[in-house]
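The values are calculated or read from the model by the stated rules, or taken from the named source; none is laboratory data. Model, not experiment: these values are computed from the prediction. Cβ sites come from the backbone with ideal geometry, for glycine too, and all protein chains shown count toward neighbours. What goes into the accessible areas is simple: the full protein's heavy atoms, side chains included, and nothing from ligands, DNA or RNA. Shrake-Rupley method; radii C 1.70, N 1.55, O 1.52, S 1.80 Å.
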Amino acid sequence: MSHEPVLNTVSLDEQIMLAHENHDAHRLSYLYEQGALRADTVDSACFLATQAYIFALESDHHNQDRLRQFLIKHGREQG
Amino acid sequence: MLKERFLTMSTTVLYEVHKPIETAKGLPNAHYIDPNTFDEEKQALLFNQWTGLATAQDVPEAGDAQPITFLGLPLLLLRDKTGEVRVFQNTCRHRGMILVTEARKIEGAIRCPYHSWCYSTEGKLVSTPHVGGPGHNRHKDIAREDLGLIEIRSHVWRDIVWINVNENAAPFETAMASAMERWKEFEAPLYHGGAESKFELHVNCNWKLAVENYCESYHLPWVHPGLNSYSRLEDHYNIEKPGQYSGQGTLVYQQLKSDSGERFPDFANLSKKWDTSAEYLAIYPNVLLGTHRDHAFAIILVPESPEKTVEKIHLYYPTSDTPEALRIKNADQWKLVFEEDIMVVEGMQKGRHGVAFDGGKFSPVMDGPTHCFHQWAAQQVTDWRQTSHEP
Ligand code: FES
Ligand SMILES: [Fe+2]
């Protein structure tokens with residue numbers, strides 16, 4: 001379980017790449033959600049929240065309900 | 001005569017197999033060596049039946065998943081989140097990607113490695129990311145309820161996961177009623193003996209030869225002289241249930257003892273008869289079972305090609321805390337017996353390249369269980385051809 005905060009010294013993109021290399025779905029979910037929180041358009045937030053949601057489903061991450069509700073609210077996921 | 005032999009390579013002639021044992025012949029050579037006949041039997045004898053695929057203990061915990069290629073079919077053996085064992089086609093409903101490539105634990109959902117459609121361990125399609133464009137995860141034409149994983153009909157009995165790929169067999173309890181009734185006293189939890197109690201043998205023979213050799217006792221004094229010294233041929237009886245199973249029983253089973261006299265515990269509440277009896281059933285098509293007062297085993301025959309078979313062997317006990325040293329001794333003893341059989345099944349396989357071999361002449365007294373199996377096989381193939389599946 002990785003709950004460490006996003007380090008400022010390494011970009012989010014780089015951390016996401018590293019997590020992909022490690023096949024760490026749990027961390028990917030966390031990182032993509034961080035990306036979604038920083039996104040400046042709804043479309044971009046929904047794209048990143050989708051990524052986060054899928055990796056949450058795969059890793060049974062506790063953030064899955066929150067992400068799902070977010071996507072439903074924007075009409076992007078089945079209610 | 002010669003003309004008939006050539007014909008058998010495309011559609012074999014089976015009427016002589018259907019005859020009573022006194023005049024019958026065994027299955028023609030093509031049923032052991034010809035790829036087209038192998039494919040025909042794959043449908044008639046394996047996919048149309050309740051066929052042994054694996055054991056439930058292969059996936060002990062919820063979420064455990066194991067990909068298995070069975071007769072070319074990519075399958076996924078899985079224990080779902082509620083603890084139920086299921087078998088799915090291991091193929092994504094989107095673009096047909098293989099879903100799981102190695103045995104592992106599914107933490108949450110099964111995510112397809114291609115476009116990440118996600119399936120629950122019950123097979124439901126739970127998400128379809130970006131299916132309606134980036135960040136849009138639904139589309140009016142994507143009906144998730146119609147796009148779950150294809151589930152293969154399955155049933156667990158005696159720890160074996162049986163599948164009926166073509167979904168046309170009678171319900172499991174109906175199809176197996178007679179065998180279940182015969183061994184109902186053994187209907188109790190089976191405890192797998194662990195790592196030393198499972199092994200595989202790779203044999204160069206058609207899977208049916210392993211069935212045929214298993215169900216007869218005629219060969220015991222010659223092939224298993226050690227076994228026969230305490231289990232004589234005349235103490236064996238034939239078991240024949242046409243259309244379902246055949247095998248043999250012994251009346252003089254003796255329990256294994258350690259040097260200090262220790263034995264395995266018995267299955268509870270067995271009747272007196274099982275004090276010294278043991279039975280060995282070949283459940284058609286491909287599962288070989290043995291039961292004794294104090295242990296059981298199962299062999300799943302995995303046909304790999306017309307002339308290659310893998311035998312997957314598992315030993316089971318009545319309790320979870322049997323002595324390890326004794327379990328190892330027992331496994332070694334059975335392994336020796338099963339290895340002694342390799343010489344004959346591989347030899348019979350080679351013998352079937354003799355073009356003038358006519359299927360063989362049965363002993364009306366000793367070969368009943370084999371003939372019973374051949375009649376079943378011939379009937380299933382004949383039925384299959386009659387339902388217009390002729391190539
Ligand atoms: S093939 Fe599985 S999601 Fe596309
Ligand atoms: Fe044998």
Check: Filter segment B:82-111 for residues that are polar (S, T, N, Q) and open to solvent by 20 Å² or more (accessible area, probe 1.4 Å); which is nearest to ligand 1 (Cβ to nearest atom)?
Finding: B:91
Check: Do the conditions hold for residue B:302, that is, is it farther than 24 Å from residue B:251 by Cα, touching a strand residue (DSSP E or B) at 6+ places or on another chain (Cβ under 7 Å) and outside any helix (DSSP H, G or I)?
Finding: yes
Item checked: Selection count, segment B:210-254, where residues are touching a residue at least 24 places away in the same chain (Cβ under 8 Å) and either within 26 Å of the chain's Cα centre (by Cα) or open to solvent by 50 Å² or more (accessible area, probe 1.4 Å) (or both) -> 30
Note to self: Taking the criterion of being within 26 Å of residue B:51 (Cβ to Cβ), open to solvent by 70 Å² or more (accessible area, probe 1.4 Å) and either outside any loop (DSSP other than H, G, I, E, B) or not polar (S, T, N, Q) (or both), would at least one residue in segment B:365-386 satisfy it?
What the structure shows: yes
Item checked: Residue check for residue B:144: charged (D, E, K, R), more than 11 Å from chain A (Cβ to nearest Cβ), surrounded by fewer than 20 Cβ atoms within 10 Å (Cβ to Cβ) and within 15 Å of ligand 1 (Cβ to nearest atom) -> no
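Yes/no per residue for (1) touching a Lys or Arg at 6+ places or on another chain (Cβ under 6 Å); (2) within 14 Å of ligand 2 (Cβ to nearest atom); (3) within 14 Å of chain A (Cβ to nearest Cβ); (4) not in a strand (DSSP E or B):
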| position | (1), (2), (3), (4) |
| --- | --- |
| B:279 | no, no, no, no |
| B:297 | no, yes, no, no |
| B:313 | no, yes, no, no |
| B:325 | no, no, no, yes |
| B:332 | no, no, no, yes |
| B:343 | no, yes, no, yes |
Checklist line | Residues (charged (D, E, K, R) and in contact with a helix residue (DSSP H, G or I) (Cβ under 7 Å, 6 or more places away or on another chain)) located in segment B:106-143 | finding: B:107, B:111
Notebook entry, point to check: Out of curiosity, is residue A:76 of a type in the set (D, E, K, R), over 20 Å from residue B:106 (Cα atoms) and either facing chain B (nearest Cβ under 8 Å) or open to solvent by 20 Å² or more (accessible area, probe 1.4 Å) (or both)?
Noted result: yes
Check: Going through segment B:152-174 one residue at a time, which ones are open to solvent by 70 Å² or more (accessible area, probe 1.4 Å) and out of contact with any Lys or Arg (no Cβ under 7 Å at 6 or more places or on another chain)?
Finding: B:168, B:171, B:173, B:174
Margin query: I'm trying to understand the selection: among the residues of segment B:213-259, which are assigned to a loop (DSSP other than H, G, I, E, B), farther than 16 Å from residue B:374 by Cα and either within 15 Å of ligand 2 (Cβ to nearest atom) or of a type in the set (Asp, Glu) (or both)?
Written below: B:217, B:218, B:219, B:224, B:231, B:232, B:259
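Please state which one of A:37, A:71, A:57 is out of contact with any Pro (no Cβ under 8 Å at 6 or more places or on another chain), more than 8 Å from chain B (Cβ to nearest Cβ) and of a type in the set (A, V, I, L, M).
A:37
Could we say that residue B:130 is at the interface with another protein chain (Cβ under 10 Å from one of its Cβ atoms) and away from ligand 1 (no atom under 15 Å from the Cβ) here?
No.
Of all residues in segment B:91-116, which are assigned to a loop (DSSP other than H, G, I, E, B), in contact (Cβ under 8 Å) with a residue 12 or more places away in the chain and at the interface with another protein chain (Cβ under 9 Å from one of its Cβ atoms)?
Answer for segment B:91-116, where residues must be assigned to a loop (DSSP other than H, G, I, E, B), in contact (Cβ under 8 Å) with a residue 12 or more places away in the chain and at the interface with another protein chain (Cβ under 9 Å from one of its Cβ atoms): B:106, B:107, B:109, B:116.
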Check: Among (1) away from chain A (no Cβ under 14 Å); (2) open to solvent by less than 70 Å² (accessible area, probe 1.4 Å); (3) acidic (Asp, Glu), which single condition is residue B:122 missing?
Finding: (1)
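Which residue out of B:149, B:190 is crowded, with 21+ Cβ neighbours inside 10 Å and within 16 Å of ligand 1 (Cβ to nearest atom)?
Working: B:190 fails: within 16 Å of ligand 1 (Cβ to nearest atom).
The unique qualifying residue is B:149.
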